[in-house]
Amino acid sequence: MSDSTLSAFGLTAPPFSKEISDTDLWLPPSKEELVEELVDAVTARQSVVLTGEPGVGKTCVLRALRQRLPKERFRLTYCHNATLGRRDFYRQICLAVGLSPKATAVAVFYAITTEVEQLATARLHPVFVLDEAHLLHPEVLGHLHILLNYEWDARALLSIVLVGLPELEDRLSLGTHKPLLSRLHARLRLSSVSEEDSGAYLRHRLVLVWCAKELFARDAVALLHEASAGTHRDLDRLAGLTLREAGRKKRKQVEGELVREVLDRHARA
Ligand SMILES: Nc1ncnc2c1ncn2[C@@H]1O[C@H](COP(=O)(O)OP(=O)(O)OP(=O)(O)O)[C@@H](O)[C@H]1O
Ligand SMILES: [Mg+2]
């Protein structure tokens, strides 16, 4: 967002950027509840799957989870490069947990499971967060339940949090992945938000850049909400474009008519 747009509305920083700190995230009761469910599941040393449409805020929910888990009790490892084959996938986990990646598949797997067991001895619960999990290679998805098996499958030493698009649910329900699905205790969905929530989200983001004014008229919020289908990333993009246009036209507020003009000029999806 240009400096002229920022100064036109007295904003201290671009309001709809992805660079929002964990502590500033917008967490209405529905999202708080989801974060609580995730916290409860990993505290109970369970594994979880979380799905939702692109841009609906899944990774931000993970960031909220990261904030909630005390570092002295949990060791969180985040992996988002999901398209690797099995050996490289486990090598990536090795690197992420601070182990030197071994050469053979057996050695890599052994190094990770030994690390998990050692963390358990140190009363540190490991949580592997696998983002973009709908893209996981079938041989990885088909093997993850083995990573959850400690002491003849009688100990819960590791939590896996799988996060991805709704198609992840379909993949998990395939016969070959049932052993993993049956070990995912909580199966959570992050839905797109309501129109009221979209309005609250826009206000939240504006307050973070010291703007207390209602920069978006009610009809503008309704149109932006509809065009973004209740997803935050699209709302960020469209809200930023309309604010820029309002600044250019020297308007004090974004109104519905201006949103329509902008939507006509820009591709919606
Ligand atoms: N709780 C939130 N608080 C503040 N901003 C948010 C929140 N959730 C989402 N956003 C905004 O929406 C953008 C997209 O959210 P996020 O990356 O979490 O979506 P996603 O569901 O992980 O999407 P994808 O499936 O494409 O990975 C973020 O970069 C951020 O700007
Ligand atoms: Mg994401």
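Just so you know, all these numbers are worked out from the coordinates, no wet-lab data involved. Predicted model, so just to flag it, every value in this text is computed and none were measured. Backbone-built Cβ (ideal geometry, glycine too); neighbour counts: all protein chains shown.
Details
- Distance between segment 1-38 and segment 179-248 - C-alpha centres, whole angstrom: 10
- With contacts taken as Cα pairs under 8 Å at a separation of at least 6 residues, segment 29-189 carries a relative contact order of 35 percent.
- Sum of -39500 (n - 2.57) over DSSP H runs of 4+, divided by residues of the chain (222 nm, nearest 500): -14000 deg cm²/dmol
- Counting charges near D197 (Lys, Arg +1; Asp, Glu -1) among other residues having Cβ under 15 Å from its Cβ returns a value of -3.
- Whole-Å distance, taken between Cα centres, linking segment 107-143 and segment 57-73: 18
- Across the chain, the relative contact order, built from alpha-carbon pairs under 8 Å that are at least six residues apart, equals 27 percent.
- Degrees, to the nearest 10: 86-96 long Cα axis against longest axis of the chain: 70
- Each Lys or Arg adds one and each Asp or Glu subtracts one; over the other residues with Cβ under 14 Å from the Cβ of E37, this totals +1.
- Order of F109, F89 - criterion: other Cβ atoms within 10 Å of each residue's Cβ, fewest first: F109, F89
- Residue-span extension gain [E151 to V106] - 0.36 nm each, minus C-alpha spacing: 14.5 nm
- Summed residue charge, Cβ within 14 Å of R244's Cβ, Lys/Arg positive, Asp/Glu negative: +2
- For q = 0.17 Å⁻¹, Debye-computed log10 I/I(0) when each Cα of segment 158-269 counts as one equal scatterer: -0.79
- Look at the Cα gyration tensor of the chain: its axes a ≥ b ≥ c give a/c of at least 1.5 with a/b over b/c, and that counts as prolate.
- If you count Lys pairs in the chain whose Cα atoms are under 24 Å apart, skipping same-chain pairs closer than 8 places in sequence, the total is 10.
- Three-way shape call for segment 72-135 based on the alpha-carbon gyration tensor, with the a/c threshold at 1.5: oblate
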